[in-house]
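Worksheet: the structure to be examined is printed underneath.
The values are calculated or read from the model by the stated rules, or taken from the named source; none is laboratory data. This one's a predicted model, so the numbers in the text were calculated from it and none came from an experiment. Cβ atoms come from the backbone with ideal geometry, glycine included; neighbour counts cover every protein chain shown.
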Amino acid sequence: MNKNKSKGSDRLSREDKENVTVLLQAALDAGAVEALFIDANDIIVDDRVRLKCFVPLCRHYGDLVCPPNVPTPDEFRKYLSLYRFAILLSTQYTNPPKPASLIDSEEVSNEIRKKSVDLSEILLKLEAVSLQKGYRFAAGFTGGSCHYCDACVKTGGECKTPYKARPSMEAVGVDVVGTLKNVDMDLEFPVSDKVKWWGLLLVD
């Protein structure tokens, strides 16, 4: 689904609008189930999102692209203020298992990791397309923890996929649910028959 949901598109140049169309289509061609334009001002950053990394303590805390190894919400707000627009995109897992089975089933765990990696790979492709279009500061943020490795080497270690691993929106304090509502998109929470992984590409 290719959408322009944000009023910020009215402020874009003709060239930018053409490039947004290219980026949205590139996301869908790469496997995203949804892709939409969003004005950078519509992205909500809330310190309480980062708090959920601690309460309860996430088992991924200390991963190299998770807190405390990524920008704080305050730092991210400063970076975000320098961007004009962004692309939101998602991958989808249908008929997700009950929460208790996420740990118990290796098959389920592998499928979830695959969907997470799929999202990251789409973002990497969009970064490349953005650079080709002249947006040298384009930066992708995935959803949830990084799944390129079975387990992260954690703080102080050396990343095995430094050119692929990306922090999540949540890790830097982005309120994904609130941001989607800002552009009239609903994120079902808690999930029922499907779960979506949302990613963000900042463009400028």
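Brief remarks follow.
- The residue that is farthest from the chain's Cα centre (by Cα), counting only those in the range 3-16 that are surrounded by 14 or more Cβ atoms within 10 Å (Cβ to Cβ) and at pLDDT below 95, is L12.
- The set of residues from the range 168-188 being part of a loop (DSSP other than H, G, I, E, B) and either acidic (D, E) or within 14 Å of the chain's Cα centre (by Cα) (or both) comprises M169, G173, D175, D184, D186, L187, E188.
- E121 meets the stated requirement of being charged (D, E, K, R), modelled with pLDDT of 90 or more and farther than 17 Å from H60 by Cβ.
- Qualifying positions in the range 40-66 - touching a strand residue (DSSP E or B) at 6+ places or on another chain (Cβ under 8 Å) and either within 24 Å of T161 (Cα to Cα) or among the β-branched types (V, I, T) (or both): I43, I44, V45, V49, Y61, V65, C66
- The range 119-155: number of residues that are touching a Leu at 6+ places or on another chain (Cβ under 9 Å) and either of a type in the set (S, T, N, Q) or at positive phi (or both): 5
- Entirely in the range 1-93, the helices (runs of 4 or more DSSP H) that have 1 or more residues that are under 17 Å from S130 (Cβ atoms): 14-29, 73-80
- First in the range 69-86 and of a type in the set (S, T, N, Q) and surrounded by 15 or more Cβ atoms within 10 Å (Cβ to Cβ), second anywhere and at pLDDT below 95 and not in a helix (DSSP H, G or I), Cβ under 7 Å, 6 or more apart: N69/T155
- Answer residue from the range 156-176, given it is within 17 Å of L64 (Cβ to Cβ) and β-branched (V, I, T) and is surrounded by the fewest Cβ atoms within 10 Å (Cβ to Cβ) among those: T161
- Q25 meets the conditions (1) loosely packed, with under 15 Cβ neighbours inside 10 Å; (2) under 18 Å from the mean Cα position of the chain (by Cα); (3) at pLDDT below 90 in every case but one. The failed one is (3).
- Out of V153, V129, one residue alone is more than 11 Å from the chain's Cα centre (by Cα), of a type in the set (A, V, I, L, M) and buried (at least 18 other Cβ atoms within 10 Å of the Cβ). It is V129.
- Within the set D46, D150, D104, the sole residue that is at pLDDT 90 or above and among the charged types (D, E, K, R) turns out to be D46.
- With respect to (1) in a helix (DSSP H, G or I); (2) over 24 Å from L12 (Cβ atoms), the lone exception for A165 is condition (1).
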